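*Asks:* First the structure, which I've put down as structure tokens, then a few questions once you've had a look.
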Amino acid sequence: MAAKIKIYTTPTCHHCIDAKTFFKEKGLDFENLDVSSDEKAGAEMVEKSGQMGVPVIFINDEMIIGFDKEKVEKLLK
Amino acid sequence: MVEKKKVYDVVIVGGGPAAISSAIYLARRNLCVLMVYGVLGGQASTTADIENYVGFKFITGEEFTKRLNEHLKEYDISCQKEIVKIVKAKGSLFSVEGEENNYIGKAVIISSGARQRKLGVPGEAEFLNKGVAYCATCDAPLFRNKEVAIIGGGNSALEAAIQLESYSKKIYLVIRGKELKGEAVLINKVKGFDNVEVVPSASIKEIKGSKFVEKIIVEQEGSSKELDVQGVFVEIGYIPNSEIIEIKKNERNEIMISNKNETSIKGVFAAGDVTEIPTKQIIVSAGEGAKAAISAADYLARLK
């Protein structure tokens, strides 16, 4: 079964762009929550991650703060 | 395609406007170019609004970066996203050593840009991403209805204030001098905001909080005061990314260049914010990149 991927981003952060490009190149579907326009998603992200930096990535229920490529790859296996 | 054993005519270090401009100028001379970069678009990519690049009345940094990339892709230019650690001479060639691979060039253009200077006060590292931020364009939306302090009074600080204005309840601009410094257009815009308060002749001493930032301690004309803020945006200038090469630099560690962008090492050219040019602007960097490319091409032509 394909992993459920959810990513909290803003349109201008590099690591968000890198992460989205990474998923796109792998042909993986993901849900992008743009916290610059979605206030509720922003509050949810801070609450879940305990910090305010983007991106925050969820692969199934595992949380990754920042675009840690190695960890993302490991969780996708 | 990036080939590791290949000898490139020019290896460009960096991915901002200077680097991309160099790459395009060199490719148009049919030279074999590799660009090794960390962030495509460099600092321009996180600039919110660009209103002073001729030909563009208004463009966002994000859109500008897309256009740079599209222009880059028009040509046969090899691009590698990788942080460069060291650049050094290797016989008559140059070795550009990245985190994973080494690249060889007959000439090198250093346009590695600059990074933001840190405050160096207690709490800064501890509260990173917990209220302490270095990119208002990226992080402003997370400070909705919050009180924030921007440290610095130059163009970058003013731009941060413009980014935060629509989100934050209150913005303190903590500045060292008595007046804001920067473009009159930006100063006037910021002065027109109701939620901005300038804290003049002040310096930040400490960032405090528990889970997130709660307040900062500021020293103003000899007395200490507290500002209740949940966010601290650091905009106190830049440090050149010049550590990658042993070369003649000025007292600010900026690479010294001739008016043809030559450095103290023959075959190594430099352009943009990593150099001693006093004007750090996107349009200037793009122009400097073009100049460096032409000088590098001339250098290569003489080698033959």
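*Asks:* I need the calculated FRET efficiency for the pair B:S203 and B:N145, taking r as the beta carbon distance and R₀ as 25 Å, to the nearest 0.05.
*Replies:* Details: r = 27 Å, r/R0 = 1.09.
Rounded to the nearest 0.05, the efficiency is 0.35.
*Asks:* For chain B, what is the calculated [θ] at 222 nm in deg cm²/dmol (nearest 500), taking -39500 (n - 2.57) for each run of four or more DSSP H residues and dividing by its residue count? Before the final figure, lay out the partial values.
*Replies:* Values: 6 runs with 69 residues, N = 304.
Per the formula, -7000 deg cm²/dmol.
*Asks:* Given charges of +1 on the Cβ of Lys and Arg and -1 on the Cβ of Asp and Glu, with all other atoms neutral, how large is the dipole of the protein assembly as shown about its Cα centre, in debye to the nearest 20?
*Replies:* Numbers: 52 positive and 53 negative charges, 234 e Å.
Here the protein assembly as shown has a charge dipole of around 1120 debye.
*Asks:* Separate question: Over what distance in Å are the Cα centres of the stretch A:62-77 and the stretch B:152-224 separated?
*Replies:* Here the two parts' Cα centres lie 36 Å apart.
*Asks:* Still on this model: What list of ³J(HN,Hα) couplings, whole Hz, do you get for the stretch B:128-136 from phi and the Karplus terms 6.51, -1.76, 1.60, once you set θ to phi - 60° and write x for glycine and proline?
*Replies:* Per residue, the Karplus-derived 3J(HN,Hα) values read 4, 6, 10, x, 8, 9, 10, 9, 5 Hz.
*Asks:* Additional query: In Å, the Kirkwood hydrodynamic radius of chain B over pairs of distinct alpha carbons? Please list the in-between numbers first.
*Replies:* Working: mean 1/r = 0.0489 Å⁻¹.
Its Kirkwood hydrodynamic radius stands at 20.4 Å.
*Asks:* For the protein assembly as shown, list the cysteines whose Cβ sits under 4.7 Å from no other cysteine Cβ?
*Replies:* B:C32, B:C79
*Asks:* Is there a quick way to get the dipole size of chain B? I mean about its Cα centre, with the Cβ of Lys and Arg at +1 and of Asp and Glu at -1; what is the value in debye to the nearest 20? Walk me through the numbers on the way to the answer.
*Replies:* Details: 41 positive and 39 negative charges, 163 e Å.
Computed about the Cα centre, the dipole is about 780 debye.
*Asks:* Another one. Please give the average number of partner chain Cβ atoms lying within 10 Å of the Cβ of each residue in A:33-39, rounded to a whole number. Walk me through the numbers on the way to the answer.
*Replies:* Values: counts 0, 1, 4, 8, 1, 1, 5.
If you average over the peptide's residues, the count of other-chain Cβ atoms is 3.
*Asks:* How big is the A/B interface in buried accessible area, both sides summed, 1.4 Å probe, to the nearest 100 Å²? Intermediate values should be presented prior to the final figure.
*Replies:* Working: alone 5140 and 15390 Å², together 18980 Å².
The summed interface area works out to 1600 Å².
*Asks:* Another one. With axes computed from alpha carbons, what is the tilt in degrees of helix B:17-27 against the longest principal axis of chain B, rounded to the nearest 10 within 0 to 90?
*Replies:* The helix B:17-27 is inclined about 20 degrees to chain B.
*Asks:* Tell me the carbon and sulfur percent of the accessible area for the protein assembly as shown, rounded to whole percent, probe radius 1.4 Å. Can you show the working numbers first?
*Replies:* Working: 9060 of 18980 Å².
Whole-percent figure for carbon plus sulfur exposure: 48.
*Asks:* Sticking with this one: Tabulate in residue order the Karplus-calculated ³J(HN,Hα) for the stretch B:46-60, using 6.51 cos²θ - 1.76 cosθ + 1.60 with θ = phi - 60°, rounded to whole Hz; enter x for Gly and Pro.
*Replies:* With the stated coefficients, the stretch B:46-60 comes to 10, 6, 5, 10, 10, 10, 10, 9, 4, x, 10, 5, 7, 8, 7 Hz.
*Asks:* Another question, then. Using the eigenvalues of the Cα gyration tensor, what equivalent ellipsoid semi-axes result for the stretch A:5-76 when each is taken as the square root of five times the eigenvalue, whole Å, largest first? Each step should come with its number before you reach the end.
*Replies:* Numbers: eigenvalues 66, 35, 22 Å².
Here the semi-axes work out to 18, 13, 11 Å.
*Asks:* Per residue, how many Å² of accessible area does chain A show with a 1.4 Å probe?
*Replies:* 57
*Asks:* Taking the Cα atoms only, what angle lies between the long axis of helix B:61-73 and the longest principal axis of chain B, rounded to 10 degrees?
*Replies:* 10
*Asks:* Turning to a different aspect of this structure: To check you understand DSSP bridge types, tell me what percent of the beta bridges within the stretch A:1-76 (both residues inside) are antiparallel, rounded to 5.
*Replies:* On the way: 8 of 12 bridges.
Of all bridge pairs located within the stretch A:1-76, approximately 65 percent are antiparallel.
*Asks:* Taking the 0 to 90 degree range and rounding to the nearest ten, how far is the long axis of helix B:282-303 tilted relative to the main principal axis of chain B, both from C-alpha atoms?
*Replies:* 20
*Asks:* Sort B:17-28, A:66-77 by packing, meaning the average of other beta carbons within 10 Å per residue, with the highest value first. Please report the intermediate quantities before stating the final value.
*Replies:* Working: B:17-28: 26.7, A:66-77: 14.1.
Going from most to least packed, we get B:17-28, A:66-77.
*Asks:* Helix-only mean residue ellipticity at 222 nm, chain A, DSSP H runs n ≥ 4 weighted -39,500 (n - 2.57), per residue, nearest 500. What is it? It would help to have the intermediate numbers written out before the result.
*Replies:* Details: 3 runs with 31 residues, N = 77.
-12000 deg cm²/dmol, from helical runs alone.
*Asks:* Sticking with this structure for a sec: Whole-Hz Karplus ³J(HN,Hα) for the stretch A:68-77, in order, using 6.51 cos²θ - 1.76 cosθ + 1.60 and θ = phi - 60°, x for Gly and Pro?
*Replies:* Result, ordered by residue: 8, 4, 4, 5, 4, 4, 4, 6, 7, 5 Hz.
*Asks:* Of A:F22, A:G50, A:T9, whose Cα points farthest to the positive end of the dipole of the stretch A:5-76 (charges on the beta-carbon: +1 Lys, Arg; -1 Asp, Glu; origin at the Cα centre)?
*Replies:* A:F22
*Asks:* How would B:K205, A:K26, B:K249, B:K178 rank on accessible area, largest to smallest, probe 1.4 Å?
*Replies:* On the way: B:K205 90, A:K26 110, B:K249 60, B:K178 160 Å².
The residues order as B:K178, A:K26, B:K205, B:K249, largest area first.
*Asks:* Tell me, what is the per residue accessible area of the stretch B:1-149 in Å², probe radius 1.4 Å? Walk me through the intermediate numbers first.
*Replies:* Details: 6970 Å² over 149 residues.
Ligands and nucleic acids excluded, the figure is 47 Å² per residue.
*Asks:* I need the fraction of alpha carbon pairs in the protein assembly as shown separated by more than 27 Å, rounded to a whole percent. Don't jump to the answer; show the numbers that get you there.
*Replies:* On the way: 38411 of 72390 pairs.
Distances greater than 27 Å cover 53 percent of the Cα pairs.
*Asks:* Among the aspartates and glutamates, select those whose C-alpha is under 13 Å from the C-alpha of B:K208, and discard any that sit fewer than 8 residues away in the same chain.
*Replies:* B:E124, B:E126, B:E226, B:D228
The values are calculated or read from the model by the stated rules, or taken from the named source; none is laboratory data. This is a predicted model, so every value here is computed, not measured. Glycine gets a Cβ as well: all are built from the backbone with ideal geometry, and neighbour counts include every protein chain shown. Side chains are part of the model used for accessible areas, which takes the heavy atoms of the whole protein and leaves out ligands, DNA and RNA. Shrake-Rupley method; radii C 1.70, N 1.55, O 1.52, S 1.80 Å.
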